[in-house]
1. How many residues, within the range D:20-69, are in a loop (DSSP other than H, G, I, E, B) and away from every other protein chain (no Cβ under 14 Å)?
2. Among B:ILE79, B:ILE58, B:ILE106, B:ILE96, which is within 13 Å of chain C (Cβ to nearest Cβ), buried (at least 19 other Cβ atoms within 10 Å of the Cβ), modelled with pLDDT under 90 and within 24 Å of C:THR307 (Cα to Cα)?
3. What are the residues in the range A:34-75 that are more than 14 Å from chain B (Cβ to nearest Cβ), touching a residue at least 40 places away in the same chain (Cβ under 8 Å) and in a helix (DSSP H, G or I), if any?
4. Need pairs with beta-carbon distance below 9 Å; first residue more than 13 Å from B:ILE110 (Cα to Cα) and more than 9 Å from chain A (Cβ to nearest Cβ) and within the range B:132-143, second hydrophobic (A, V, I, L, M, F, W, C) and surrounded by 10 or more Cβ atoms within 10 Å (Cβ to Cβ); sequence gap 6+ or separate chains.
5. Hey, can you tell me all the residues within the range C:68-108 that are over 18 Å from the mean Cα position of the chain (by Cα) and of a type in the set (S, T, N, Q)?
6. Report the residue count in the range C:310-340 for those that are surrounded by fewer than 23 Cβ atoms within 10 Å (Cβ to Cβ), out of contact with any strand residue (DSSP E or B) (no Cβ under 9 Å at 6 or more places or on another chain) and at the interface with chain B (Cβ under 10 Å from one of its Cβ atoms).
7. List pairs: first in the range C:46-59 and touching a residue at least 60 places away in the same chain (Cβ under 8 Å) and more than 10 Å from every other protein chain (Cβ to nearest Cβ), second in a loop (DSSP other than H, G, I, E, B) and among the polar types (S, T, N, Q), Cβ under 7 Å, 6+ apart or cross-chain?
8. Working carefully through the options D:PRO142, D:PRO161, D:PRO110, find the one that is at pLDDT 85 or above and not aliphatic (A, V, I, L, M).
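The values are calculated or read from the model by the stated rules, or taken from the named source; none is laboratory data. Because the structure is a prediction, the values reported are computed rather than measured. Positions of Cβ are generated from backbone atoms using ideal geometry, with glycine treated the same way; all protein chains shown enter the neighbour counts.
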Amino acid sequence: MNWKIWSLKKSPWVFHVNVGACNNCDIEIVNCLTPKFDVERFGIKLVGSPRHADALLVTGVGTRQAAVRLREVYRQTPKPCVVFLIGACPCGTGIFYKGYHVEGPVDKILKEEDPNAIIAYVPGCPPKPEAIISGVVKALAAL
Amino acid sequence: MNQQELNGKISQIKDRLTAIEQPLPNRVYLSCESENCYSVNKFLFEEVPARFVIATGIDAEDCFEIIYHYSYDQTGCVINLKVFIRDREKPAVESITPFLPAAEWIEREIHDILGIDFINHPNLRRLILADDWPDGVYPMRKEVKK
Amino acid sequence: MKKSVKKPVLAVGPFHPLQEEMEFFQLTIEGEIVTDIDVRLSYNHRGIEKISEGLQFDQIPFLVSRICGICSASHPLAYVQAVEEIAGVKPPERALYVRTIINEFERIHSHLLWAGLAGHFIGYDTVFMWAWKYREPVLDLLEEITGNRNNYGNVRIGGCREDIPNELIPKILKELDEIEKKTEMLTKAILDDPVLHARLKGVGVLKKEDAIKYAVAGPTARGSGIAIDVRRDDPYAAYADLDWNVITQPEGDVFAKAVVRLLETFESIKMVRQALKKLPGGPVSVEVKEIPPGEAIGRAEAPRGETFHYVRSDGGNRPVRHKARAPSYVNVPSFKASCIGQHISDVTLTLAAVDPCYSCTERMAVLDSGGKVIADYDMLLRLSREKTEHIRKSLGLPKKKMEDLPIG
Amino acid sequence: MGAVFERKRKGKKMSEPLQSLFWILVFPGFLFTVFVGLVASWIVRKVSALVQWRVGPPFAQPFVDVVKLVGKEILVPKDAQQTVFLMAPIIAMATVMLLSTMLWRITIDPAKVFVGDIIVAIYLMVLPSLALILGASASASPHAAIGTSREMKLVMAYELPLVLAFIVVIIKTGGQLSLAAIAQHTPVLSISGALAFLVSLLAVQAKLGFVPFDIAEAETELGGGVLMEYSGALLAIWKIAQAMMLVALPLFLVMVFLGGFGTAGGALWAGIGKYVLVLVLVILIKNTNPRVRIDQAMKFFWVHCSLALAAAVILAIVGNSYGLSWL
């Protein structure tokens, strides 16, 4: 196995981007840090700068104003990086698909920016912390 | 002040209103034309005095309608003031933000989504639409589909 | 200038592991004192009101519960009450009680969540970890009742989707005792801590006149001595049958808001207990055939304040206009009154005290008069924590972390 | 370690430059220090997690982190001063490498020293901080700029007491300027020496960027403010440099204050014990203290620490002239 991928799997540092979510997915992501779920066990760490990140956790539909920022954050993230779409909204804009201010789904925005972006989907509204952890683990195993 | 006294108070401004409806004891709907908007709002906020809740901007096909919702908490009564703006080409109404800072955001929002101009608003900049949203496109107008 | 201001903030900006919504605050400061504050929304604008006009009446509760994940019981409730008023439907008694219970559970978990974040803002991360730990059983109960930890989607026009099974009641009561005990410890630890008194009292005062001018709602208003609460003033669901108090504090500072929230948690626990005891039998929903033309208002008290929905129907199966107002919409602009004149190390705290759904505070940049970004959220957070420590020292207290406090 | 050391002794046949290279790059120098440093940083993370009621990262985590960072893309901010931005981490790592090689070599082979190496060591200890300031200010980020100014103030704050502390040691040991000779003494067993040790421990805390003196860095992630703009291998170099500091600085304290590090048998274990003791002290201070404000830190170092150390210097002189070694 490529050593780059191997180390990426063992030490995914994640950066959380909200592009128009209802807070639920965000709270569940923060919940993953608390003692009940403690993701540091897997080497997963939330970092404060996209430049330090290996994975982006994107929540929200991708509103018109936030899409600009999402692209900027994606450009700042060193490659290789995995983008996790947490929740129904970034995966397919969910119930907001008709919204005039919605530019998502997020994978479309990212593919415009980089056609080779590695994207993993964790649907759910909101996905439970267990689902988020399991989604991240499965996506990493598939790399 | 109980509900009856509240109703009495409201009837003081009867001449400026075009309709008063009360479908439920604690739901009052008042209607007025846009030129009386400022003074009636001022009355509701300062004389009644009721708590401003929000305003709803509606595109009613032939005119624009702004409903100012006030809550009179002692009786749990919601006072709704419907203001009709008949000019569809250049809709404008006087801003109530100067005496009611709570209305700043909602007036900016209605300006964004319906294109109604609020005269004397201190800060009528874009609030909720994106920076790259085209000028002159108002998403809540009926003719705008997605 | 606008571009040059925003770029550094967004590009290297204060992203924080706890960040939630994307509201963007710009503070203008002179020296260390805040002279102006500006907010840009838009990042989270999804056009819900327009989407709502394209959905059928019975689909909308699921849309409005996604306005805010934490208030996902109050928004649908307010909407449904408006539609029921138009249709002239009265839901069965049991449904009203179930609605009350779900809403109070929501308040408990939201207030605990807030307590944790407030702890984080002043540098007590242990409070954050503990409060969020205590919150978990509430979410588990909600999951057991409605099938989801958040976004319960339990209200429908004419009643509730899911009933509370009678055999679950003993378990809920047991969990409530546990939650009450833990919350009591947390509350004691917070309210008896002299450092917190010094750190929070007199900070970010929202005077009563300003509170009226900015028309604030919920704990923000009650912390400024305005005794408003939709549950009491315009009773809905089963609140009129329950015995409880509206908690108010006259001071208007951060501490008062904290006290209001913590004490409200106990009132909520009390209400859930009463409601479970009085829970009537029968079905939880009635069939609603059609919505006649008309307009109506629905109100509900969300954890952050009054949720307000206006619905207008023309007799079709979709609303012509549906307006939703979340409490933060009036609470957030009141920062203009409470933050200006404050020291910048207090700003995060003042913003957090309003619980602006709840981490808008992360999106801040401090501007000097030239419009240059000179400080970010992390720095403000740091300043806030340093001040706590400073006060601790001036009180002659030893350096103490929350670990030493008798919680847990 | 003993076995490696023996092998090293036999390897005398190696040519002199080659051997020096081995010294610096492999055994006591770079690779070995990096290994020990990453283990130490795992201990720091694990203990912190336990305090927060969590399980914490697995043992190999710091190693994997570094390997991963090396494999990542390096992004240079477009407004940055490229050369300085790229050079800064390398300067930092090179100086720590030199420092640790020097310290280990003195430990292993005390005969091969030069007089005045303590001064060189002090000098080498300042350089990583300077490199950090250099790198951060080259990155053209407003947040890094705030961090830079704070880091600069902090360096100025703790250097004075640190030098005073070493003066105390030099007086106590009778004017020795060679680390090997100083390591024969244990100045911490006197009042002035203990004072000096305490102050240097706090200064080491600041040098490592740990609470309560992590003022220049954000709390949520590595090097927040100052290292914000670094990514990929450059960030890995910073991490390695920091891990090596985690070895070199406590080791330096052990040598100066606690009687040095043995190389065989009981002395070796005693040395390891002393290192772990210093490391645990550092972690405990990190986990039981809130962050202080920059002006508080400066006041603390300049006023309180310097005064205490001035007293310590006087005590040490008095003790020396009257033969009272406990002073």
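1. So in the range D:20-69, the residues in a loop (DSSP other than H, G, I, E, B) come out as D:26-29, D:52-60.
Restricting the remaining residues to those that are away from every other protein chain (no Cβ under 14 Å) gives D:26-29.
Total meeting the criteria: 4.
2. On the way: B:ILE79 fails: modelled with pLDDT under 90; B:ILE58 fails: modelled with pLDDT under 90; B:ILE96 fails: modelled with pLDDT under 90.
After ruling out the rest, the residue left standing is B:ILE106.
3. Matches in the range A:34-75: A:VAL39, A:PHE42, A:VAL73, A:TYR74.
4. That search, which allows pairs on different chains as well, returns B:LYS142/B:ALA60.
5. C:GLN81
6. 1
7. Close Cβ pairs satisfying both conditions: C:GLN56/C:ASN317; C:PHE57/C:ASN317.
8. Selected residue: D:PRO161, the only one of D:PRO142, D:PRO161, D:PRO110 that is at pLDDT 85 or above and not aliphatic (A, V, I, L, M).
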